[in-house]
Amino acid sequence: MALPCAFLLSYNNDMNDVIRPRPYYAARKYGPSATGLSLEDMRELLSSAFEHYDHSGYFVEAFGFTCVDAGFEPGYVGSNADAYCRLILERGKMWPITECYKEYDEDDLFTMIEFLFDHISKPQTKEFHSWDNCGYHYSDFDRAEGRAEFRKRMNLPLRRYGDGWQLSEQGEVLSLPPEGMTTLLSAELPTRDPTTREKVAEATTKFRRHGSSISDRQDAVRALADILEWLRPQIKETLLKEDEKELFNLANNFGIRHMNQRQKLKYDRAVWLSWMFYHYLNTINACLHLLKRQVAGSWKSS
């Protein structure tokens, strides 16, 4: 299926870095209705990305290669990539991509994006085997570089698919945050406390993960409220008592934390859980900044 002009990708001379295209006429005139991608579009773009990196040797380390002299040399997944996929992905009809991709549903598509992220690695060396025009042989692979390039390429179409998605640095397909929350999610928490950092990261991933249920999202909001509880002794010294109480009223009164008969449960969870999640995430960041400023002030005055 042909894609609108705004979906076309341009590359630098190394064919590695995807340059975000400028918005063409249709995109400028119609906005999101012109730039949205369908599942069919995403299948084609995934297939195109795989073929590009496969041709450039990025999957040799994992899936092997064929030489006119030596025959097929398997990679670390072994000689039967289809069997490996069935075992690792717990799904059938996923491999080979070039034959199966047109039947992918959304779960298949996102699963394969994450799978390819895990198994891509950029070759640092290539040597041309001239006998019978065999072609290039690749070696010295860098997994981190390969993943970074694949992620950069796939995030361009992912952000235009559905409500917006992105491939994280850890290789998980996550929902895009609401407008204005990108900086909040990308900012490093202003604390060295490993418990706080770990729990916030776990809650964020759980909330944004593809296929997360209402229950998953409620668990994530509860986890953030628990983090505020964890910080409560320090917050008491920084915030007014009235303000401190308000931090917990939301979770305690709307069936997020301690269940009781007085709680309000008749609300649209799909809508309000998102608001609650980012409210608490923002509050945690604000409190940690205040605590950090308080510590800095104490140090200067001593």
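The values are calculated or read from the model by the stated rules, or taken from the named source; none is laboratory data. Source: prediction; values computed, not measured. Here the Cβ positions follow ideal geometry from the backbone for every residue, glycine too, while neighbour counts run over all protein chains shown. The protein model used for the area step is the full one, side chains on, heavy atoms only, and it has no ligands, DNA or RNA in it. Shrake-Rupley method; radii C 1.70, N 1.55, O 1.52, S 1.80 Å.
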- Query: So which residues in region 61-104 are open to solvent by 70 Å² or more (accessible area, probe 1.4 Å) and either at positive phi or part of a strand (DSSP E or B) (or both), if there are any at all?
  - Reply: 66, 72, 73, 90, 93
- Query: Which members of region 105-122 meet the condition of being of a type outside the set (D, E, K, R) and open to solvent by 20 Å² or more (accessible area, probe 1.4 Å)?
  - Reply: 111
- Task: Kindly check whether there is at least one residue in region 195-218 that is over 30 Å from residue 112 (Cβ atoms), hydroxyl-bearing (Ser, Thr, Tyr) and modelled with pLDDT of 85 or more.
- Result: yes
- Message: For region 83-115, give me each residue that is more than 24 Å from residue 170 (Cα to Cα), under 25 Å from the mean Cα position of the chain (by Cα) and charged (D, E, K, R).
- Response: 93, 102, 103
- Do any residues in region 41-60 that are closer than 13 Å to residue 100 by Cα have Cβ atoms under 7 Å from those of residues that are open to solvent by 10 Å² or more (accessible area, probe 1.4 Å), where the two are at least six apart or on different chains, and which pairs are they? 43/101; 43/102; 44/1; 46/101; 47/98; 47/101
- Item | Residue within region 125-140 that is in contact with a strand residue (DSSP E or B) (Cβ under 6 Å, 6 or more places away or on another chain) and within 27 Å of residue 90 (Cβ to Cβ) present | no
- Any residue in region 132-146 that is over 30 Å from residue 22 (Cβ atoms), open to solvent by 70 Å² or more (accessible area, probe 1.4 Å) and not in a helix (DSSP H, G or I)? yes
- region 190-211, residues that are touching a residue at least 12 places away in the same chain (Cβ under 8 Å) and not in a helix (DSSP H, G or I): 190, 191, 209, 210, 211
- Item | Boolean, residue 15 is modelled with pLDDT of 85 or more and either open to solvent by 30 Å² or more (accessible area, probe 1.4 Å) or within 21 Å of the chain's Cα centre (by Cα) (or both) | no
- Task: Could you grab me the full set of residues in region 29-60 that are surrounded by 14 or more Cβ atoms within 10 Å (Cβ to Cβ), farther than 23 Å from residue 132 by Cβ and more than 22 Å from the chain's Cα centre (by Cα)?
- Result: 34
- Message: For the condition among the charged types (D, E, K, R) and without any contact (Cβ under 8 Å) to a residue 12 or more places away in the chain, what is the one hit in 179, 149, 172?
- Response: 179
- Kindly indicate whether any position in region 40-47 is assigned to a helix (DSSP H, G or I), of a type in the set (Gly, Ala, Ser) and at pLDDT 95 or above. yes
